[in-house]
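In what follows, a single structure is set out as structure tokens and then discussed.
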Amino acid sequence: MESFGSFQLLLVIWVVLFVSCDSFMTTEVLALTAFKEAIYEDPLNILSNWNVLDADPCDWPGISCSLGRDHVIKLNLSCCSLRGFLAPELGSLSSLQELILYKNSLLGTIPREIGMLKNVKVLDLGINKLTGPIPAEIGNLTSVMKINLQYNGLSGSVPYELGNLKNLVELRLDRNRLQGTVPGDNNSSYGSNLQEMYDSHGNTAGFCRSSQLRNADFSYNFFVGRIPQCLSYLPRTNFQGNCFQDKESKQRPSMQCGASPVTPPAKSHPRANLKHQHAEKSPKHHEASKPAWLLPLEIVTGTVAGLLLLIAAFTAAKRCQTKPSDIIPWKKKANGKVHKNHLIIYMDPEMLKDVVRFSRQELEVACEDFSNIIGSSPDSLVYKGTMKGGPEIAVISLCINEEDWTGYLELYFQRVVADLARLNHENVGKLLGHCRETNLFSRMLVFEYASNGTLYEHLHYEEGCQLSWSRRMKIILGIACGLRYLHTEVEPPFTISELSSSSVYLTEDFLPKLVDFESWKTVLARSEKNSGSISNGGTLCGFQDSLEECHLDVQGNVFAFGVLLLEIISGRPPYCKNRGCLVDWAKEYVDMPEVMSYLVDPELRHFRYDDLKVICEVVSLCIQSDSAKRPSMKELCPMLENGIDISVSADLKECPLAWAELALAS
């Protein structure tokens, strides 16, 4: 009987272990599935072999398991060109020892659930596009030996909790936007507030507790203060490019260092003290002359005010508890329905802090109940409006239902807003703000309005004579200057998603403005499982470069610029059903001076042959099939600026009537 009882006990233990192991593996499969769903671009098809129906992920690319094949211990997808976000479910991989996602294009913030990976030894998220603060929960990775977060857009201060990582050997935080001081120990020269914070967490805090730390790189951030003495064994180059008070390493110019070290409070001025003393004495003087009925009245008033304050505080606390976070379904299922399990999206609070946020009601009033539609596409509607006491605006509203809006689309939308908001050039459309509401679902961008419409409309719908040769040359130079700014003067560089005559807007005096209305089109198309491009008047076709390639790289923009030059001088669209592709037609004339004039729009009465030769030379360089041979806009701009004549004398030569107009104007 005892032996039977022992057998039952062993059987129960075995079943419990089996079920627990199976549940562990199921949890890890779900975590990997969530990671896959948060990736919206996988050009190398690495994740296409991740079969979510397979309960055993050990044979999936990039996955390594334990000897018993019961736990995932390594996730290595470095250099895979993945674009997407870090799913918080990665924190469920409890046995993971290496998380390596080096050199991809991951967006958004680092989820704090990463701190649940107690067994991880290598955390490598270097060379991505991550933003926001470094979560303090990373200080819980007590087994970690290497952390690489270099080449991202991380901001905020370095959490002092990283000093808890006693096994940490290598730390790379270089080339981010981190600020504040580098946490050292109590003996470092920091401000009093920081000192008190360290004291409250023990005798020492910061990297001086990391006895195993051998290599750490803090270069090219915005750190201030002094370099901790305990890190003096590191090369001084590991601290360069900051705002340190250090003469041994090259630091940023003072203009770039907006933060200043903590200074002790200023001593009180004697006259201020006298006033303060007088203010303390005066109540005592008046207290004796108070009438007897005033005291009860003060007590009653104070009691009522206190009750009202308590009620207000209670109501506010309750609202904070009941108010939902930004909870959005992470991704749709194939049938179009959303997952029942919602995912809390962790937004980067710094990303949109400087971008104006309009309410839907404000824009509805400005755009006359959204009745003034000036443009449309399958993805968006464009409205014209006028802000109260402000400028005329163009409002781009995304055409997507709330049930189709996913977590990664929300994060991508915010990234687009942040990217557009940093642009400031006379030939680039200025983003004035955005609208993001959930009650009546809205996602809108608000730009300054360009009253003359698009270049496409003037070339193909309006009377061509409105765009004289001289005016077209000025437009070309403006576009070139705008692209040079976006490609070379903005860090990181910015590319126009679909550079065409439809993305060039003209002001009242025909100044060109590059506007990127379609930057989220690729993501929307992927979310709808639509691999085809969405057609419009300005879409390029027949190129050896794929449309997606033009979106992602500078060379794609250069190619599109060459096509745009052909469209401007010829008056032909990039593609016509009867005539075919513009590039194929133009190749017969671009390199042959004797027939080059056949490229010119027949509606133009005058043109300058010298200008045409320069433009054809630039076009030939831009439309080369080998993208590596295409020059940059920094090289092309001087060619156009030095070769094209837009002086007043050129206008007068072009049109004899201009002499009479000039005489009348004078």
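Brief remarks follow.
- Odd one out for Q361, checked against (1) without any contact (Cβ under 8 Å) to a residue 40 or more places away in the chain; (2) touching a strand residue (DSSP E or B) at 6+ places or on another chain (Cβ under 6 Å): (2)
- In the set R436, R471, R484, only one residue is closer than 24 Å to S376 by Cα and surrounded by fewer than 23 Cβ atoms within 10 Å (Cβ to Cβ); that residue is R436.
- Sub-7 Å Cβ pairs linking a first residue in region 67-82 that is of a type in the set (D, E, K, R) to a second residue that is at pLDDT 95 or above and not in a strand (DSSP E or B), at least 6 apart or interchain, are K74/Q97, ordered by first then second residue.
- E588 falls short on exactly one of the conditions (1) surrounded by 18 or more Cβ atoms within 10 Å (Cβ to Cβ); (2) over 24 Å from P512 (Cβ atoms), and that condition is (1).
- Test: V563 is under 24 Å from S632 (Cα atoms), at pLDDT 65 or above and touching a His at 6+ places or on another chain (Cβ under 6 Å): no
- Residue satisfying all of: in region 460-474; at pLDDT 90 or above and not hydroxyl-bearing (S, T, Y); farthest from the chain's Cα centre (by Cα) among these: W469
- Among the conditions (1) of a type in the set (S, T, Y); (2) modelled with pLDDT of 90 or more; (3) more than 31 Å from the chain's Cα centre (by Cα), the only one that S157 does not satisfy is (3).
- Test: residue in region 99-118 that is farther than 17 Å from R415 by Cβ and in a strand (DSSP E or B): yes
- Test: residue in region 415-431 that is over 18 Å from the mean Cα position of the chain (by Cα), more than 17 Å from D516 (Cβ to Cβ) and crowded, with 20+ Cβ neighbours inside 10 Å: no
- In region 587-621, of all residues being within 38 Å of the chain's Cα centre (by Cα) and of a type in the set (A, V, I, L, M), the one that is nearest to N642 (Cα to Cα) corresponds to V614.
- N401 being out of contact with any Phe, Trp or Tyr (no Cβ under 6 Å at 6 or more places or on another chain), free of Cβ contacts under 8 Å to residues at least 60 places away in the same chain, outside the structural domain of V504 (by TED's automatic domain parsing) and among the polar types (S, T, N, Q): yes
- Within region 469-514, the set of residues being in a loop (DSSP other than H, G, I, E, B) and under 16 Å from V618 (Cβ atoms) comprises just one member, L499.
- As a summary of the residue check, K577 satisfies the conditions (1) of a type outside the set (F, W, Y); (2) farther than 17 Å from W469 by Cα; (3) modelled with pLDDT of 90 or more except for the one numbered (3).
- Some residue of region 120-132 being modelled with pLDDT under 95, closer than 25 Å to K74 by Cα, surrounded by 18 or more Cβ atoms within 10 Å (Cβ to Cβ) and of a type in the set (D, E, K, R): no
- In the set C550, C622, C616, C637, only one residue is in contact with a Leu (Cβ under 9 Å, 6 or more places away or on another chain) and at pLDDT below 90; that residue is C550.
- In the set N45, N49, N76, only one residue is touching a Pro at 6+ places or on another chain (Cβ under 8 Å) and either surrounded by fewer than 16 Cβ atoms within 10 Å (Cβ to Cβ) or of a type in the set (S, T, N, Q) (or both); that residue is N49.
- Residues that are modelled with pLDDT under 95 and among the charged types (D, E, K, R), drawn from region 44-84: D54, D56, D59, R69, D70, R83
- Restricting region 439-468 to residues that are part of a loop (DSSP other than H, G, I, E, B) and among the hydrophobic types (A, V, I, L, M, F, W, C) leaves a set whose member that is surrounded by the fewest Cβ atoms within 10 Å (Cβ to Cβ) is L440.
- The conditions of being modelled with pLDDT of 90 or more and closer than 24 Å to N128 by Cβ are met by T237.
- Among the residues of region 585-603, the one identified as out of contact with any helix residue (DSSP H, G or I) (no Cβ under 7 Å at 6 or more places or on another chain), assigned to a loop (DSSP other than H, G, I, E, B) and closer than 24 Å to H458 by Cα is P602.
- Looking at I127, I147, just one residue is over 17 Å from the mean Cα position of the chain (by Cα), free of Cβ contacts under 8 Å to residues at least 40 places away in the same chain and assigned by TED's automatic domain parsing to the domain that holds E41, and that residue is I147.
Quick grid of which residues meet (1) modelled with pLDDT under 50; (2) more than 33 Å from the chain's Cα centre (by Cα); (3) over 16 Å from Q229 (Cβ atoms); (4) in a strand (DSSP E or B):
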| site | (1), (2), (3), (4) |
| --- | --- |
| N167 | no, yes, yes, no |
| R175 | no, no, yes, no |
| Q179 | no, no, yes, yes |
| G184 | no, no, no, no |
| N187 | yes, yes, no, no |
| L194 | yes, no, no, no |
| Y198 | yes, yes, no, no |
| G202 | yes, yes, yes, no |
| Q212 | no, yes, yes, no |
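The values are calculated or read from the model by the stated rules, or taken from the named source; none is laboratory data. The model shown is predicted, which means the values in this text are computed figures rather than measured ones. Neighbour counts are summed over all protein chains in view; Cβ atoms, including those assigned to glycine, are modelled from backbone coordinates with ideal geometry.
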